[in-house]
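First the structure, in the form of structure tokens, and then the observations on it.
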Amino acid sequence: MENQVFAGGEIGVSSPDETGTVSSPQSESKGFTSLHNFGARAMRDVRMKGFAERADVEEVQDFLRGQIRSLASEAVNLLSCVGRVLAEDVRAEVDVPGFARSAMDGYAVRGEDTFGAGAYDTIALGVLGEALPGKPFAGRVERGSAIRVMTGAPIPAGADAVVMAEVCEESEGVVEISEAVAPHKNIGAIGEDIRVGDLVLRTGRRLRPQDAGLLASIGVRTSACVRRPRVQLVITGDELLPAGSQPEGPRIVDSNSVVVRSLVARDGGELLPFEILPDRPEIISEALRGADADVVIVTGGSSVGTEDHAPRLVAELGSLDFHGISMRPSSPTGVGRIDDRLVFLLPGNPVSCMCAYEFFAGPSLRALGGRSREWPHRRVRLPLARKISSAVGRTDYVRVAVESEKVIPIATSGASILSSTVRADGCVIVPRELEGMGEGAEVEVLLYDDEMPAEVTP
Ligand code: AMP
Ligand code: MG
């Protein structure tokens with residue numbers, strides 16, 4: 001039964017329905033569609049009371065899918081377009097090459113002049129001059145003559161073939177040719193690479209290095225790409241010291257922003273400058289209200305503690321569409337909106353923070369930027385070395401190592417144990433329909449990396 005559960009979908013979702021294509025990005029300046037009234041039930045102040053009810057992971061993901069369209073397009077310079085998503089089709093306005101060119105170093109000739117040439121019966125042609133790439137020969141190749149040409153040089157008028165240098169011997173203005181060449185041979189025709197009007201790249205394409213190269217070759221300077229979502233981090237916690245500090249007594253170093261900023265970069269978001277904020281409602285409120293962003297990601301203070309202000313503030317300033325999700329870790333996650341900004345409330349515990357990001361914020365950022373919501377790394381299917389216990393009704397994010405073609409769940413399951421994610425090669429999602437997964441069951445591992453690990457000798 002596990003076999004069907006993970007086919008293709010984004011993290012935690014069993015029904016793949018995303019193609020990652022861009023839906024009319026120009027028509028939407030912001031990525032959100034009409035409002036749904038999910039907010040009401042979350043408005044009650046849950047502090048120190050716990051969640052009355054929790055939403056299913058799929059419900060939240062469906063909501064986010066319904067909210068998000070890819071952002072509008074912007075002109076992106078050719079030299080920074082790799083990794084960006086095209087917002088419109090690109091057609092060539094020129095032929096490449098725009099002239100017939102030599103595919104060889106050799107001699108441009110009239111093919112018929114070489115007919116009958118052989119090793120013991122060479123044909124001699126007079127060499128009139130030379131054509132180099134970018135430096136054409138001005139004259140014409142008349143019967144009985146040849147022009148020395150290099151690869152990429154324009155074929156001179158009158159010539160219709162190139163004899164390769166290997167079968168030629170030139171001395172004192174005459175070339176002896178020992179092999180015949182048929183007309184059109186060794187000549188790259190106008191438009192052999194790209195023709196005027198060709199659809200070279202389609203809307204929705206995530207540009208690769210060679211795509212940018214091709215754009216350069218057809219004379220493109222900027223291309224219309226989906227705008228990158230602007231992301232405001234709101235890192236909250238009185239106990240936090242900035243990354244790079246030494247932990248000190250009861251104060252810990254903010255690691256969440258270090259993780260999240262890299263995940264945001266991976267997912268194509270543009271990170272705005274941010275600071276660590278104290279657990280003071282007026283300060284958090286100001287940060288939430290003032291953010292000039294498409295997406296606001298709050299970490300810490302998302303739960304039901306006395307210092308957990310963000311959920312109430314989001315509900316007051318906009319709508320708190322979900323708060324409390326049936327998943328482990330990350331159950332105190334919230335999702336809401338303030339004006340046209342999507343707000344994610346990620347729990348402060350580092351594993352929960354990362355997990356909630358991967359389930360909700362990551363796919364949303366990718367979709368805003370015109371990318372696929374799908375898990376952005378490799379996946380493998382392998383048998384479990386030990387069973388995983390879960391509970392029906394709850395979605396679990398289990399860190400696993402992959403060793404000797406087996407999937408080993410990492411024993412430390414605490415949401416505060418960041419090192420569990422470092423020991424892990426990836427995660428296995430136990431969907432809410434399952435009580436767990438048995439030893440030997442084939443599971444899908446969402447790997448944290450794309451490359452195969454290299455053998456590194458210190
Ligand atoms: P909270 O969600 O604010 O209740 O925090 C839960 C746990 O996560 C607490 O132990 C916090 O100290 C810790 N925590 C909160 N924010 C961060 C952060 N930015 N980096 C590392 N740990 C954090
Ligand atoms: Mg806190």
(request) Return yes or no: is Gly219 more than 24 Å from the chain's Cα centre (by Cα) and more than 16 Å from ligand 2 (Cβ to nearest atom)? (result) yes
(request) Pick out the one residue from Thr457, Thr395, Thr421 that is more than 17 Å from Ser262 (Cβ to Cβ) and surrounded by fewer than 20 Cβ atoms within 10 Å (Cβ to Cβ). (result) Thr457
(message) Return the pair list, or none, for Cβ contacts closer than 7 Å from residues in region 291-302 that are closer than 15 Å to Ser364 by Cβ to residues that are of a type in the set (Ser, Thr, Tyr) and near ligand 1 (Cβ under 10 Å from one of its atoms), at least 6 apart or on different chains.
(response) Val298/Thr236
(request) Quickly run through region 304-361 and pick out the residues that are modelled with pLDDT under 95 and aliphatic (A, V, I, L, M). (result) Val304
(request) Give the residues of region 375-398 that are outside any strand (DSSP E or B) and either farther than 23 Å from Pro409 by Cα or aromatic (Phe, Trp, Tyr) (or both), sorted by residue number. (result) Trp375
(request) Test Arg266 against the criterion of being away from ligand 2 (no atom under 16 Å from the Cβ), basic (Lys, Arg) and either over 30 Å from Phe51 (Cα atoms) or buried (at least 21 other Cβ atoms within 10 Å of the Cβ) (or both), and give yes or no. (result) yes
(message) Only one of Gly152, Gly204, Gly134, Gly197 is crowded, with 18+ Cβ neighbours inside 10 Å and either within 54 Å of the chain's Cα centre (by Cα) or among the aliphatic types (A, V, I, L, M) (or both). Can you tell me which?
(response) Gly204
(message) Can you tell me which condition Cys225 does not meet? The list is (1) surrounded by fewer than 16 Cβ atoms within 10 Å (Cβ to Cβ); (2) assigned to a strand (DSSP E or B), and all the others hold.
(response) (1)
(message) Taking the criterion of being in a strand (DSSP E or B) and within 16 Å of ligand 1 (Cβ to nearest atom), would at least one residue in region 330-339 satisfy it?
(response) yes
(request) Would you please name the residue that is nearest to ligand 1 (Cβ to nearest atom), looking only at residues in region 208-243 that are touching a strand residue (DSSP E or B) at 6+ places or on another chain (Cβ under 8 Å) and without any contact (Cβ under 8 Å) to a residue 60 or more places away in the chain? (result) Glu239
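What residue, among those in region 248-262 that are outside any helix (DSSP H, G or I) and within 16 Å of ligand 2 (Cβ to nearest atom), is most open to solvent (accessible area, probe 1.4 Å)?
Ranking the qualifying residues of region 248-262, first place goes to Pro250.
Which one is surrounded by the most Cβ atoms within 10 Å (Cβ to Cβ), of the residues in region 289-309 that are within 16 Å of ligand 1 (Cβ to nearest atom) and within 20 Å of Arg230 (Cα to Cα)?
Looking at the filtered set, the residue picked out is Ile297.
Check Leu272, Leu277 and return the single one that is touching a residue at least 40 places away in the same chain (Cβ under 8 Å) and either in contact with a Leu (Cβ under 8 Å, 6 or more places away or on another chain) or away from ligand 1 (no atom under 11 Å from the Cβ) (or both).
Leu272
Report yes if some residue within region 78-100 is among the aromatic types (Phe, Trp, Tyr) and part of a helix (DSSP H, G or I); otherwise report no. Let's see the steps before the verdict.
Residues of region 78-100 among the aromatic types (Phe, Trp, Tyr): 99.
From the residues that got through so far, the ones that are part of a helix (DSSP H, G or I) too are none.
No, region 78-100 contains no residue that is among the aromatic types (Phe, Trp, Tyr) and part of a helix (DSSP H, G or I).
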(request) State all residues of region 340-351 that are open to solvent by 10 Å² or more (accessible area, probe 1.4 Å), part of a strand (DSSP E or B) and either among the small types (Gly, Ala, Ser) or within 16 Å of ligand 2 (Cβ to nearest atom) (or both); if no residue qualifies, say none. (result) none
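So which residues in region 387-412 are among the small types (Gly, Ala, Ser) and in contact (Cβ under 8 Å) with a residue 40 or more places away in the chain?
Hits for region 387-412 are Ser389, Ser390, Ala391, Gly393.
The values are calculated or read from the model by the stated rules, or taken from the named source; none is laboratory data. Small disclaimer: the values here were computed from a predicted structure and weren't measured. Every residue, glycine among them, receives a Cβ derived from its backbone with ideal geometry; neighbour counts consider all protein chains shown. These area figures cover heavy atoms from the full protein model, side chains too; ligands, DNA and RNA do not enter into them. Shrake-Rupley method; radii C 1.70, N 1.55, O 1.52, S 1.80 Å.
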